[in-house]
């Protein structure tokens, strides 16, 4: 019975992640890989639950906090990219050093603020886990990220080879 309720909880969490990702991806034109992105998120939730050996109570609090971090990272990435594009425009238009320097300072300040915010969110996530689960989580994040990058890299090679 406990296994069924954990499986049910996991399915609910996967659904919630999928819905939130779907909603975010449609802020502009839908990206071509939105289905694959949702699949990666679902696999991540499944693997995390298994790897960390989360109980029901932990799952209920852990995944919403993890979702906050991932939303923050996504938003930060977009905002930083916009700032860098603006910096490039300033350089291309040969604007004054003062304007360029102001933009550089803006990006540096933005990076500091976002790092602090992410650290707060990470502390919230870690507070749900035991010490061993925290260690496993840090290792998981590193390994999962590397695995996904390798898969994407290999897919890129495969697509280039196709006629």
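What percent of all Cα-Cα pairs in region 53-108 falls in each 5 Å bin, counting up from 0?
Computed distribution, short to long bins: 4, 17, 17, 13, 10, 9, 8, 7, 7, 5, 4, 1.
Can you give the three extents of the C-alpha atoms in region 85-128 along their principal axes, from longest to shortest, in whole Å?
50, 16, 6
From zero up to wherever the largest Cα-Cα distance of region 95-163 sits, split into 10 Å bins and tell me the percent of pairs in each.
Values per bin, smallest distances first: 16, 22, 24, 25, 13, 1.
What length, rounded to one decimal in nm, is gained on full extension from residue 132 through to residue 111, with 0.36 nm per residue of separation minus their alpha-carbon distance?
Result for the pair: 4.6 nm of gain on full extension.
Coordinate-derived values only; no laboratory data. Owing to the predicted nature of the structure, the values given are computational and were not obtained by experimental measurement.
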